Amino acid sequence: MADFPLPAAASAADWWRSAAIYQVYPRSFADGDGDGTGDLAGVRAKLPYLAELGVDALWFTPWYLSPLADGGYDVADYRTIDPAFGTLDEAEKLIAEATGLGIRTIVDIVPNHVSDQHVWFRAALAAGPGSPERALFHFRPGRGEHGELPPGDWPSQFAGATWTQVPDGEWYLHLFTPEQPDLNWAHPAVRREHEEVLRFWFERGVAGVRIDSAALLAKDPALPDLAGRPGEPWPGEVHPYIDRDELHDIYRSWRAIADEFGAIFVGEVWLPDSERFARYLRPDELHTAFNFSFLSCPWDAARLRTSIEETLAEHAPVGAPATWVLCNHDVTRTVTRYGRQDTGFDFAAKVFGTPTDLALGTRRARAAALLTLALPGAVYVYQGEELGLPEADVPLDRIQDPMHFRSGGRDPGRDGCRVPLPWSAEPWRNPWLPQPAHWATYAADRQATDPESTLTLYRRALGLRRAARGFGTGSMEWLPAPDGVLAFARPDGLVCVVNLSEGPVPLPGHTSLLLSSAPLDDAGLLPQDTAVWLRT
Ligand code: NOJ
């Protein structure tokens, strides 16, 4: 394997404060055995690519044994790698090889629910009503004369009902699909098991854990009806299943375990209330949480500036670094989103056939990459963002995502951002989701040698970010700029300018232009939808 220098950040205990973390969706990243499904052999073969890209860590979405009812977020066994992806032995080798290249590994833990094929749930079904096995989940008798009605009215995060009846008449709770029964976090065995799962992976050299649906685990034991209240907490309200105070005790015990191993957490915490969000990041809880306000924000200078300011302000009191995310395996790819009339992201607004201008979206996504990589904190890059991939149109008869089916077919689902990566113009053999024919133009091997490609832009940006200490977690200061332009200074004279206004703008004084997302115009002005990094 090629010899790459260890990144500066890799030696420091607080690497996670300014890390560039690459999200791997294993099923679609790289196919080592040619069966059309990505696997660990594929990832191992691409480690030199990731090292050259210049990322500090890899976050793997679930790679465990799973019937894949929700893309692996339905885990049947945390201690087994799904045979479609490989073996535990290969996972250990992958972690070790990546570490050897200065790349840490983050695994995904899904504590809110398990697969209906998990041994606990199968035992609960077999054991019957009132059994200790059922106490690990939320089983209840139904309402109505014969128990024929669901025991509660909570809406699913994926549309539809949250209760499913089993043959003996009882019902069980699932905030997501029926194949993902919710665990009862008031049960000590549930806590114990997850603590052991954390140790299991930390002992294998994993440097961090991403916590799925981190604000949903704890439930009011009475499972009270929402009775028309929205499925989001009101300010000051104690919600029956979102952001309950009991969660903090769980995460404090997790933090103590992570500290034994020097490992870190990143929580998936979607909460509108920034003060409540920041509570998860107190020094004895999670290290970081995803910043979804930035991801959802439209391509608009004032709105982005507000999002950045609010994010930094909410993190400051707890001393946690912000995270910056433009895309992930759940949302519309950045290039497609930024080419639309409405450039924000909202799950509820997703429909088929929204027009997009891919040239415009690409231009903006390139500028957004430089903006994001210049902000103070950690940054996440979702596989394929570095190739400038757009959302793929997945043919109706190939869609697999339960979000699509549970919406009654209105929501296109999330498969469009999960299509296998184009490594070369040659498509994958029998890919589990079809690659659009025009994706040959995005092929990684082609972009690698093209100085103008998005891959080259990402490589340069990540390389500069790593080499220039000023892009770490230090201060950030807004500079005077015309309307529609974001300009800010980072330590060591680094400046980022992003032009979201309608015409070209002059650059502030500088000694060198380090990088630009598109060429300056003939007059040396910064064109619309372009970003630069300067040294002043
Ligand atoms: C969030 C994950 O990112 C998503 O892919 C999954 O469907 C849900 N949590 C349920 O686990």
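Which value, in debye to the nearest 20, gives the size of the charge dipole of the chain about its Cα centre, when Lys and Arg are +1 and Asp and Glu are -1 at the Cβ? Let's see the in-between values first.
Details: 47 positive and 73 negative charges, 202 e Å.
Using only the charged Cβ atoms, the result is roughly 980 debye.
Report D for region 119-173 in µm² per second (integer): Stokes-Einstein, Kirkwood Rh on Cα pairs, 20 °C, 1.002 mPa s. Before the final figure, lay out the partial values.
On the way: Rh = 11.6 Å.
Answer from the Stokes-Einstein relation: 185 µm²/s.
In region 461-480, whose amide N lies under 12 Å from the spot 7 Å out along Cα-to-Cβ of GLU309? List them in ranges.
Only 478-479 pass the distance filter.
Just to confirm a number: summing +1 for Lys and Arg and -1 for Asp and Glu over residues other than PRO233 whose beta-carbon lies under 15 angstrom from that of PRO233, what do you get?
Details: positive: LYS219, ARG229, ARG244, ARG276, ARG279; negative: ASP220, GLU232, GLU237, ASP243, ASP245, GLU246, ASP273, GLU275.
Counting the neighbours of PRO233, the net charge comes to -3.
Give me a comma-separated list of calculated 3J(HN,Hα) values for region 207-212, in order, Karplus coefficients 6.51, -1.76, 1.60 applied at θ = phi - 60°, integers in Hz, x for any Gly or Pro.
9, x, 9, 8, 9, 6
Classify region 479-535 as rounded, prolate or oblate, taking a ≥ b ≥ c as the square roots of the eigenvalues of its Cα gyration tensor: rounded when a/c is under 1.5, otherwise prolate if a/b is larger than b/c and oblate if not.
Values: a/c = 1.87, a/b = 1.30, b/c = 1.44.
The shape class here is oblate.
Under 28 Å between alpha carbons, and skipping anything fewer than 8 positions from LYS93 in its own chain: which lysines qualify?
LYS93 reaches LYS46.
Once the Cα atoms of the chain are picked out, what are the Rg and Dmax in Å?
Answer for the chain, Rg first and Dmax second: 23.1, 79 Å.
Within the chain, what's the longest stretch lacking trypsin sites (Lys or Arg not before Pro) that sit in DSSP loops with no more than 16 other Cβ atoms inside 10 Å?
On the way: sites that count: ARG204, ARG410, ARG429.
Value returned for the longest uninterrupted segment is 205-409.
Once amide H atoms are placed 1.01 Å from N in the peptide plane, what residues at a sequence separation of 5 or more from LEU515, or on another chain, have their amide H within under 5 Å of its amide H?
TRP533
Assuming R0 = 56 Å, what is the FRET efficiency of THR511 and THR87, from their Cβ-Cβ distance, to the nearest 0.05?
Working: r = 53 Å, r/R0 = 0.94.
Approximately 0.60, to the nearest 0.05.
Net charge near GLY413: determine it from the other residues with C-beta under 12 Å of the C-beta of GLY413, scoring Lys and Arg +1 and Asp and Glu -1.
Numbers: positive: LYS350, ARG398, ARG406, ARG410, ARG414, ARG418; negative: ASP70, ASP330, GLU391, ASP393, ASP401, ASP411, ASP415.
Result for the neighbourhood of GLY413: -1.
Taking H as built 1.01 Å from N, whose amide H comes closer than 5 Å to the amide H of VAL485, not counting residues under 5 places away?
For VAL485, whose amide H was placed from the backbone, the distant partners under 5 Å are LEU500.
Enumerate the calculated ³J(HN,Hα) couplings along region 371-380 in order (Karplus 6.51 cos²θ - 1.76 cosθ + 1.60, θ = phi - 60°), each rounded to whole Hz, writing x wherever the residue is Gly or Pro.
With the stated coefficients, region 371-380 comes to 4, 4, 6, 9, 7, x, x, 9, 10, 10 Hz.
Set the Förster distance to 56 Å, then compute FRET efficiency between ALA13 and LEU149 from the Cβ-Cβ distance, nearest 0.05. The partial results should precede the final answer.
Working: r = 54 Å, r/R0 = 0.96.
E between ALA13 and LEU149, to the nearest 0.05, is 0.55.
Just to be sure I follow: if Rg is taken over the C-alpha atoms of region 315-409 and Rh is the Kirkwood radius over the same atoms, what is Rg/Rh? Each step should come with its number before you reach the end.
On the way: Rg = 15.2 Å, Rh = 14.9 Å.
That ratio equals 1.02.
Probe radius 1.4 Å, ligands and nucleic acids ignored: give me the carbon and sulfur share of the accessible area of the chain as a rounded percent.
53
Based on the inverse mean of 1/r over its pairs of different Cα atoms, what is the Kirkwood hydrodynamic radius of region 277-349, in Å?
13.2
Based solely on C-alpha atoms, express the radius of gyration and the Dmax of region 342-494 in angstrom.
18.3, 53
Give the Kirkwood hydrodynamic radius (Å, one decimal) of region 137-266, defined as one over the mean of 1/r across all pairs of different Cα atoms.
Mean inverse Cα-Cα distance, inverted, gives 16.3 Å.
Per DSSP H run of n ≥ 4, the term is -39500 (n - 2.57); total these for the chain, divide by its residue number, and report the mean residue ellipticity at 222 nm rounded to 500 deg cm²/dmol.
It lands at -7500 deg cm²/dmol.
Near the amide H of VAL505, under 5 Å away, which other amide H atoms are found, from residues 5 or more places off or on another chain, if H is placed in the peptide plane?
Those lying under 5 Å, H to H, from VAL505 are LEU526.
Express the accessible area of the chain per residue in Å², computed with a 1.4 Å probe while the remaining protein chains stay in the model. List each step's numbers first, then the result.
Working: 20300 Å² over 536 residues.
Here the per-residue accessible area is 38 Å².
Could you state the number of Å between the C-alpha centres of region 356-422 and region 199-278?
Value for the Cα centre distance between the two parts: 26 Å.
How high is the FRET efficiency between ALA302 and THR164 when r is their beta carbon distance and R₀ equals 56 Å, given to the nearest 0.05? It would help to have the intermediate numbers written out before the result.
On the way: r = 45 Å, r/R0 = 0.81.
The calculated FRET efficiency here is 0.80.
The values are calculated or read from the model by the stated rules, or taken from the named source; none is laboratory data. What you are looking at is a predicted structure, and each value in this text was computed from that prediction instead of being measured. FYI the Cβ positions are ideal-geometry reconstructions off the backbone, even for glycines, and counts take in every protein chain you see. These accessible areas exclude ligands, DNA and RNA; they are computed on the full protein's heavy atoms, side chains included. Shrake-Rupley method; radii C 1.70, N 1.55, O 1.52, S 1.80 Å.
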